[in-house]
1. What angle, in degrees between 0 and 90 and rounded to the nearest 10, separates the Cα long axis of helix A:17-41 from the longest principal axis of the Cα atoms of chain A?
2. Between the helical axis of B:179-194 and the dominant principal axis of chain B, each derived from Cα atoms, what acute angle in degrees is found, rounded to the nearest 10?
3. Would you list the P(r) distribution for chain A, with all Cα-Cα distances sorted into 10 Å bins from 0 and each bin expressed as a whole %?
4. When chain B is modelled as a GNM with alpha-carbon springs shorter than 10 Å, which of B:84, B:268, B:284 fluctuates the most?
5. Can you sort A:243, A:199 by how many other beta carbons sit within 10 Å, fewest first?
6. For a footprinting-style exposure proxy, rank A:96, A:228 by other Cβ within 10 Å, fewest first.
7. Return the FRET efficiency for the residue pair residue B:307, residue A:255: r is the Cβ-Cβ distance, R0 is 35 Å, and the value is rounded to the nearest 0.05.
8. Using a Gaussian network model on chain B with a 10 Å cutoff between Cα atoms, which of B:161, B:175, B:301 fluctuates the most?
C-alpha cells in the first residue's frame, strides 16, 4: 500500500507546475465566493447570518465550509482520478495481477493524492486566514482537529462508494464533479441551509459534510462538544453507515469487474 | 506434472455492464477449451486477432472470471485461489503501456517488487540481476518514457520476472517490435525455459515465432482449439498435399469463398493490386487451380511449391490465413 502511495507521490512531483496551478485555482475559488458573499450581505459581518447560524463573520463562515468541502471531495477525486490515471497509463490490470489486495491498491492510490491535496488545502486555508484576518486561536485549533479527523474518516467511507463505481464504470470523472458541486450546494458550504426548502435540508442532513461544517463553525463561536452532540452523533452514524454501504458496493463492483474485465491492457 | 490444466473453459462477455434488473446480451469469446501444459514446457496459443487468446490468458492469470469450465495453475483453482496463483505467476502483457513511463527503469522494478512482496533483503539484488539480464542496467536511472519500444518490452519482461514466477504468461511478446528486438525477446524466452526452467504459455499470431519457440502449439480460432500438437505433428497434417504459393494480379479475394480449393490470401498489395495466395493442392490438381483463377480474371505472375508451414495448417483447418 505504501509502495503505491510512494509511486503516486513520485510521479506527481515530476509535474511541479500542478502544485502551483492547484493552489492558484483553490485561492481564486475561495476569494471570489467570499467577496461575492460580502457584496450580497453588505459587508463582512451580517447580523442576519448571525441570527440564523450563530456565526456572523462571513469570511470565517465561508472559509470553514470551503476547507471542509475540499477535505470531503479529496477522497472522491483520489479514487476517481487515481483509477482513471491507471487506465490511461494502461497499468491497471498489471497492478490487479499482483498479490496485493485490490482494496489496498486503491487506498494506496488515493492516499498519495489525499496527502498532496490536503497539503494544498492547508496552504489555501492559511492564505485565507491571513487575507481575511480570521480569528484563529490555539484553543480553536486543538478543538477543531479531532472534528476534522472524525469528519475525514466519514468522508473516506463516503468516497469509497466512488471507488466501487469507478472500478465498474471507469470514466466517471464528470459524474464525480457534478456530485461534488451538488454537495457544495446541499451542505451549506457558502450559505445557511435554513434558507433552503425542507427537502434540500433533508438531503443535506444525510451528507456527513453538513454536520462536520456545523460542528467546526460551532467550535469557532465557542460552543462546547456537548452543545453540538446531535451533529456529532449524526456524523458518527453517517460515518458507520457510509463505510458499510461503500464496502458492499465495492465488493459487488469487484465481482462484476472480474466478469466484464478491468478495462484492458 | 502439469503446471496448467484447463478443462472446458468458457468465457462470455456481457455487451453492457450486468446491473440488477438489466437484460444483457452476452458474447461468447472462448467456447470450451481444454489443454494441459507440463512443467518446464513452452506452450503456444496460436490464432488470429479475436480468436480468444488474450481472454484465455486473462482467465488463467485470474484477471477475468470464466463463465464455465475450470482451470488450475500449479494445482490452484483460478476461481477460488486467485491470490495463491498471483504469487506464483506473472504476465508480459501485449502493448507497451504496461509500465510507468514517468518512473525510471529502476523505480518501476522497485515498485513492482514491493507489490509482489519481494523480501526487502532480496529486492536490490533481484532488481540489479534482472536489469543486467535484459541489458538495461546502464539505463536504470532513465525515465521509461525515453526508452525505445524494444527497451520497454525488455523492461516489461524484467518486471514479469520480479517475483521469480514458476509460470510465465506472454501475450504477443514481440508484437510491434523491430527485428532486432524481436530476436532478443525470442532468444530470451528460450533461455527462460532452457536455463531458468520456467513454464511459459505464449500467445502469438506469428507462425514462425510459434514454430521456432514452442514445444507444443494449440491453434485457436473463434474461441475453440482446432488443433493441438507439436509443430512437427501439426505440419504432418498436410504432408499428403503440397503447399503452393501463387502470386496473382487483378483478382478479387472474395471469389475465393466459392473456390473448391483450400486457398487463402497471405499478402495483399493494394497499390499494385497484387495478391499472394497460399494453400494446399495435390500436384495433379494444380493446373485446374490455375485455370480456375484465370477464368475469374486473375493474371498469374508466379506459381511456387513451398515447404509446409503452420500457416498451411491453419489454412487447411479454417480456409483462412491467420492474418484475417
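Quick note: the coordinates plus some simple rules give every number you see, no bench work behind them. Predicted, not measured: the structure shown is a model, and the values here were computed from it. Ideal geometry is used to build each Cβ from the backbone, glycine not excepted, and the neighbour counts take in all protein chains shown.
1. Helix A:17-41 sits at roughly 30 degrees to that axis.
2. 60
3. In whole percents, the pair-distance histogram is 7, 29, 33, 21, 9, 2.
4. It is B:284.
5. Result, fewest neighbours first: A:199, A:243.
6. A:228, A:96
7. So the FRET efficiency works out to roughly 0.10.
8. For chain B, modelled as a Gaussian network with Cα springs under 10 Å, the answer is B:301.
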